[in-house]
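The values are calculated or read from the model by the stated rules, or taken from the named source; none is laboratory data. This structure is a prediction, so every number in the text was calculated from the model and none was measured. A quick note on method: Cβ atoms are made from the backbone with ideal geometry, for glycine too, and the neighbour counts reach across all protein chains shown. Accessible surface areas use protein heavy atoms only, side chains included; no ligands, DNA or RNA. Shrake-Rupley method; radii C 1.70, N 1.55, O 1.52, S 1.80 Å.
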Amino acid sequence: MKILITGKDGQLGWELQRSLAGLGDIVATGRQELDLSDPAGIRQLVRSIRPDVVLNTAAYNAVDRAESEHDIAFKVNAVAPGLLAEECRDLGALLIHFSTDYVFDGRKITPYSEEDEPAPLSVYGRSKLAREQTVRAAKGRALIFRTAWSYSDHGDNFVGTMRRLARQKSELSVVDDQSGTPTWVKPLSQALEKICARALSRQGSTMGEGAPVYHATCSGETTRYGFARAILDDLASKAPEEPISRLIPISSADYPAPARRPKYSVLSNAKLERDFGVRLPEWRSAFAHFAQGSGAR
């Protein structure tokens, strides 16, 4: 069985290379091997590898910069996945594709389900929604997973940024009016391993036909400030003698950014649990487990 993973140097791509190692031969590509702005290169790579499953974790993820880089954001996030989907369709391969909570506008006060109508607020969110649409348009075997607030010990993420700044600054201001669910990438990748194993065991079936969407995050919810508080509390418990930043809650209006973020983007995982029997841990317990193994970095 051949498994192609794009975005090998990103958080999810890095974890998937480890969690899927027992399922088959993995080919992992980064920017050097696969330029997502090169349509011919995308088609050539997939045709040369002839994978049974493709996990497309590569994406344009610069949320604020996308406001001024519309064309490249859409080329990488929308056009490239459509080409991958077409090549997978022609090969009979399964495409597993990843999207984001930023496809929603945040007006709800209860978790978003897959049936809720997307209404992205930013160029980044619109490019990610277009990403889903181009995958569906190919009409091949595909699954789309929306996740949110990802973190790990690998790559750039909110946890790493907070840990670094907490030792550098006397005060840290973090928004307290944006709610979501911090999601540790390791249990997410382990859940995807189970889903892949099930899908590959049903090779030739119609599983994934029409590219159904699933939400896949840890459970529970908090604000950006609440997550930052948990990160700094963990740092303080490990090295109480070292000075740490004072954390100050602020509103989104006090921290203007080029791209608008949804105020509420908690995702319901009920469909994921119902269809695959997969449940990710509650975010606080996941972070506690992560922190035990990661150290105060």
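Of all DSSP bridge pairs formed entirely within the stretch 141-297, close to 20 percent run antiparallel. For the stretch 93-196, the Cα-based Rg and Dmax, in that order, read 16.3, 53 Å.
Packing-based ranking of 250-259, 284-293 yields 284-293, 250-259, ordered from highest to lowest mean Cβ neighbour count within 10 Å. Using the Kyte-Doolittle scale, find the helices of the chain whose mean hydropathy is at least -1.0 and whose Cα atoms extend 15 Å or more along the helix's long axis, counting only whole DSSP H runs. TM-like helix candidates: 39-49, 80-91, 123-137, 185-201, 224-238, 283-294. For the pair Arg89 and Asp275, label points projected 7 Å from Cα toward Cβ lie 1.8 nm apart.
In terms of accessible area, using a 1.4 Å probe and ignoring ligands and nucleic acids, Val174, Val27 rank largest first as Val27, Val174. Among the protein heavy atoms, those of Arg65 account for about 130 Å² of accessible surface (1.4 Å probe, every chain in place). Relative contact order of the stretch 92-223: 33 percent, from C-alpha pairs under 8 Å at least 6 residues apart in sequence. Accessible surface computed residue by residue for the chain, with neighbouring protein chains in place and a 1.4 Å probe, gives 45 Å² per residue. The coefficient of translational diffusion for the chain, derived via Stokes-Einstein from the alpha carbon Kirkwood radius under 20 °C and 1.002 mPa s, stands at 109 µm²/s. Counting only protein heavy atoms and a probe of 1.4 Å, the accessible surface of the stretch 143-189 is 43% carbon and sulfur.
Label zone of Glu114 (point 7 Å out along Cα→Cβ, amide N under 17 Å): in the stretch 245-280 this covers 267-280.
With the helix formula -39500 (n - 2.57) applied to DSSP H stretches of n ≥ 4, the chain reaches a computed 222 nm mean residue ellipticity of -11500 deg cm²/dmol. The Asp254 and Gln133 beta-carbon pair, evaluated with R₀ = 25 Å, returns a calculated FRET efficiency of approximately 0.10. Sorted largest first by accessible area at a 1.4 angstrom probe radius, with every protein chain in place, the residues Glu86, Glu114, Glu221 fall in the order Glu221, Glu86, Glu114.
With Cα atoms as the point set, the stretch 1-115 shows a radius of gyration and Dmax of 15.1, 47 Å. The stretch 225-240 and the stretch 244-272 have Cα centres lying 18 Å from one another. Charge tally around Ile3: other residues with Cβ under 9 Å, Lys/Arg +1 each, Asp/Glu -1 each, net -1. On full extension, the segment bounded by Leu200 and Gln32 gains 57.7 nm, given 0.36 nm per residue less the C-alpha separation. In terms of packing, defined here as the mean over residues of other Cβ atoms within 10 angstrom, the peptides 97-104, 115-122 line up highest first as 97-104, 115-122. Of all lysines in the structure, the ones whose alpha carbon falls short of 23 Å from that of Lys2, not counting any fewer than 8 places away in one chain, are Lys139, Lys186, Lys194.
Segment Asp71..Leu165, full-extension length gain: 30.6 nm, with 0.36 nm per residue of separation and the alpha-carbon distance subtracted.
From the alpha carbon centroid of the stretch 97-154 to that of the stretch 1-38 is 21 Å.
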